[in-house]
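Visitor: To start, I am sharing the structure in question, which I have written as structure tokens.
Nothing in this text is a laboratory measurement; each read-out follows from the coordinates by a stated rule. Every value quoted in this text rests on a predicted model; they were computed, and no experiment measured them. Because the Cβ atoms are built from the backbone with ideal geometry, glycine has one as well, and the counts that use them run over all protein chains shown.
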Amino acid sequence: MSKIIVYSLEGFGGRSAEFNNDVGDLEANGFNNTIASLKVIGQPWVGYYDKDFAGKQRVFEAGEYPRRVSEDKGKFSSLKKITNDLSNPEIQLFEHINYQGRSVTLRGEINLTEIDFNDKASSHKVRGGVWVLYEHINRKGAQLVSFPGDRVSNYVPLSFNDTASSVRPLLPRP
């Protein structure tokens, strides 16, 4: 069983709540913008800064996160459990919006500096798996999480245009 346990204080202190399913609005549970630490058991979860799974996002894989779970400490307003098939990951990145320009197809983790695609992606299509695009190399900075079948034609509205520096698929747990 997959679940996420959230806490109002760092170090797993204060008020807590446990969720087994997606939460579109944490305000209804008294946890809007107040998550300071969390634990994930099982499948990964995505924390969104805005309700209804919108806005900035961050993926949390199985494990414990005792402090500072977001750059803006606690700014999560919704949570989504990842239930997608994580096998056979594939994403196609495009240099320009609307799937134009040079493209590259990826099936595994890579720093985009290695293939001369750093800070160049402006759109993508996910053919399989769940992918995390990062603002900086080595899984650092802001994140953009994308699911199977997603076709993101323009990163500009997401404040992610020409920003991606590393990309990785989430992998199934052994």
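Visitor: With +1 on each Lys and Arg Cβ and -1 on each Asp and Glu Cβ, and nothing else charged, work out how big the dipole of the chain is about its Cα centre, in Debye to the nearest 20.
Guide: Numbers: 22 positive and 21 negative charges, 53 e Å.
Here the size comes out at about 260 debye.
Visitor: While we're on this one: Could you tell me the largest-minus-smallest coordinate of the C-alpha atoms of the chain on each of the three principal axes, in descending order and whole angstroms?
Guide: Principal extents (largest minus smallest coordinate, Cα): 50, 33, 25 Å.
Visitor: Percent relative contact order of the stretch 90-169, based on C-alpha pairs within less than 8 angstrom and at least six residues apart?
Guide: Working: 208 pairs, mean separation 29.1, N = 80.
For the stretch 90-169, the relative contact order is 36 percent.
Visitor: Per the Kirkwood formula on distinct C-alpha pairs, the Rh of the stretch 90-169 is how many angstrom? Before the final figure, lay out each step's value.
Guide: Numbers: mean 1/r = 0.0844 Å⁻¹.
Its Kirkwood hydrodynamic radius stands at 11.8 Å.
Visitor: Counting Lys +1, Arg +1, Asp -1, Glu -1, what net charge surrounds PHE117 among other residues with beta carbon under 12 Å of its beta carbon? Display every interim value, and only then the final one.
Guide: Values: positive: ARG102, LYS120; negative: GLU95, GLU114, ASP116, ASP119, ASP162.
Net of charged neighbours comes to -3.
Visitor: Hey, another quick one. Is the shape of the stretch 3-81 rounded, prolate or oblate, going by the alpha carbon gyration tensor and its root eigenvalues a ≥ b ≥ c, with a/c under 1.5 for rounded and a/b larger than b/c for prolate?
Guide: Judged from the Cα gyration tensor, the stretch 3-81 comes out rounded (a/c under 1.5).
Visitor: What does the charge count near ASN88 come to, summing +1 for each Lys or Arg and -1 for each Asp or Glu among other residues with Cβ under 10 Å from its Cβ?
Guide: Values: positive: ARG107, ARG127; negative: ASP85, GLU90.
Net local charge, ASN88 excluded: 0.
Visitor: Subtracting the Cα-Cα distance from 0.36 nm times the residue separation, let me have the gained length for LEU171 to ASP116 in nm, one decimal. Could the numbers behind the result be given before it?
Guide: Values: separation 55, 0.36 × 55 = 19.80 nm, distance 2.46 nm.
Full extension of this stretch gives 17.3 nm more.
Visitor: Would you work out the relative contact order for the stretch 25-174, in percent, from Cα pairs under 8 angstrom that are 6 or more residues apart? It would help to have the intermediate numbers written out before the result.
Guide: Values: 385 pairs, mean separation 33.3, N = 150.
Reported relative contact order: 22 percent.
Visitor: Sum up the charges of everything whose Cβ sits under 12 Å from the Cβ of ASP162, counting Lys and Arg as +1 and Asp and Glu as -1, but leave ASP162 out.
Guide: Values: positive: LYS120; negative: GLU95, ASP119, GLU135.
Net local charge, ASP162 excluded: -2.
Visitor: With 19 Å as the limit, write out which pairs from LYS51/LYS125; LYS81/LYS120; LYS51/LYS75 have Cα-Cα distances beyond it, or answer none. The partial results should precede the final answer.
Guide: On the way: LYS51/LYS125 24 Å; LYS81/LYS120 30 Å; LYS51/LYS75 11 Å.
Flagged as over cut-off: LYS51/LYS125; LYS81/LYS120.
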